[in-house]
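Presented below is the structure to which this report refers.
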Amino acid sequence: MKLATLHDGSRDGRLVVVSRDLSHYTDASDIAPNLQAALDRWDLLEPALRQCFDRLERREVVTGRCDAVQFMAPLPRAYEWVDGSAYINHIVLVRKARNANPPETLRTDPLVYQGGSGVFLSATDDIKLADPAWGLDFESEVCVILADTPQGTRKTEAAKYVRLIMLANDVSLRNLIPAELEKGFGFFGSKPATAFSPIAVTPDELGSDWHDGRVHLPLVTEYNGEKFGDPNAGPEMHFSFFDLIEHICKTRAFTAGTILGSGTVSNEDRARGSSCLAEKRMIEKIDSGSISTPFMKAGDRIAIEMFDHKGHSIFGRISQKVVTFSK
């Protein structure tokens, strides 16, 4: 089942069901007004949503044709946005980029941070940059949306709390990060609004490519119209989503609608490219002693997408342009 949030002038948008080929949608607001309302009563409402999806697949109910600009982020705001960093290769490279050593618990204790969740960007919203000196970077990620998840949840039982899967561009301001982390309180101003794919899907839509708490498909990033990377999101995700769920639930529970991110998808094989500029810059420095790739500026474009084995887009396309911020 595939779900999205239609712009309707309200803060949380209107829930729609999207066809598997992403061509059509149908209004589902008679079942739940928005996605958060559906998540709050998922066990009760999921059968009706699946019935609606099946009818749409048969084209018995069609409200309109899909256009990415019609959609908000699946959750335009969320109770919590928790982002992990589950790819060891990414952690090592980015730490080198800011002359910091990886933590001693790199392979045993997941890294997570809590980002702003009151305002999310849609897949087509511009990225507004006030100062190019801040070092604007994209980060291509996979995310899950959780059900009510109790404190003490173990990874062996975490699967039942994963409701939906989607993609993210976790925007970073790299040159603001070191000074913030030196304060010992973590990211804040260096992490502006995150953008999400237009479509969120139930895990069964991925078939066997969703297993062991990982999505085993390449995540494709295009930068200024050229392929930047297509690392596989599965095999080198050192901490699975199930591991991350156990980690964050050690001391507290999480409410339905919490978004949990994988961190920047990264593979050791350089032929797969990268999912952020910071990695590419660090590789340049390692190989040649100098950095040649600049951070993003006004006019640059970033696109993020994942395809099934037949070449069909699963979550739709994140496609954003950097513009100069002005009040």
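The values are calculated or read from the model by the stated rules, or taken from the named source; none is laboratory data. Everything numeric here is computed off the predicted structure, so don't read it as measured data. Positions of Cβ are generated from backbone atoms using ideal geometry, with glycine treated the same way; all protein chains shown enter the neighbour counts. Heavy atoms of the whole protein, side chains included, go into the accessibility calculation; ligands, DNA and RNA do not. Shrake-Rupley method; radii C 1.70, N 1.55, O 1.52, S 1.80 Å.
Here's a check for you: in segment 163-187, which residue that is more than 14 Å from the chain's Cα centre (by Cα), surrounded by 19 or more Cβ atoms within 10 Å (Cβ to Cβ) and in contact (Cβ under 8 Å) with a residue 60 or more places away in the chain is farthest from Leu3 (Cα to Cα)?
The selected residue is Ile177.
The rows are residues; the columns are (1) among the β-branched types (Val, Ile, Thr); (2) in contact (Cβ under 8 Å) with a residue 24 or more places away in the chain.
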position	(1), (2)
Trp42	no, yes
Ala48	no, no
Glu60	no, no
Thr63	yes, yes
Ser85	no, yes
His90	no, yes
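Would segment 197-204 turn up any residue that is assigned to a helix (DSSP H, G or I), modelled with pLDDT of 95 or more, farther than 30 Å from Asp126 by Cβ and of a type outside the set (Ser, Thr, Tyr)?
Looking for residues that are assigned to a helix (DSSP H, G or I), modelled with pLDDT of 95 or more, farther than 30 Å from Asp126 by Cβ and of a type outside the set (Ser, Thr, Tyr), one finds at least one in segment 197-204, hence yes.
Say we look at segment 242-278 and pick out the residues that are within 18 Å of the chain's Cα centre (by Cα) and part of a helix (DSSP H, G or I); which of these is surrounded by the fewest Cβ atoms within 10 Å (Cβ to Cβ)?
Among those that are within 18 Å of the chain's Cα centre (by Cα) and part of a helix (DSSP H, G or I), it is Asp243.
So how many residues does segment 313-325 have that are touching a Lys or Arg at 6+ places or on another chain (Cβ under 8 Å) and open to solvent by 20 Å² or more (accessible area, probe 1.4 Å)?
The total comes to 5.
Just the residues that are assigned to a loop (DSSP other than H, G, I, E, B), closer than 17 Å to Arg95 by Cβ and touching a strand residue (DSSP E or B) at 6+ places or on another chain (Cβ under 7 Å), please, taken from segment 171-190.
Once the filter is applied, which keeps residues that are assigned to a loop (DSSP other than H, G, I, E, B), closer than 17 Å to Arg95 by Cβ and touching a strand residue (DSSP E or B) at 6+ places or on another chain (Cβ under 7 Å), segment 171-190 yields Gly186, Phe187, Ser190.
Would you point out which residue out of Ile127, Ile91, Ile145 is β-branched (Val, Ile, Thr) and touching a Pro at 6+ places or on another chain (Cβ under 7 Å)?
Ile91
Could you check segment 25-135 for strands (runs of 3 or more DSSP E) lying wholly inside it with 3 or more residues that are under 24 Å from the mean Cα position of the chain (by Cα) and closer than 29 Å to Phe239 by Cβ?
Counting at least 3 such residues, we get 81-84, 112-115.
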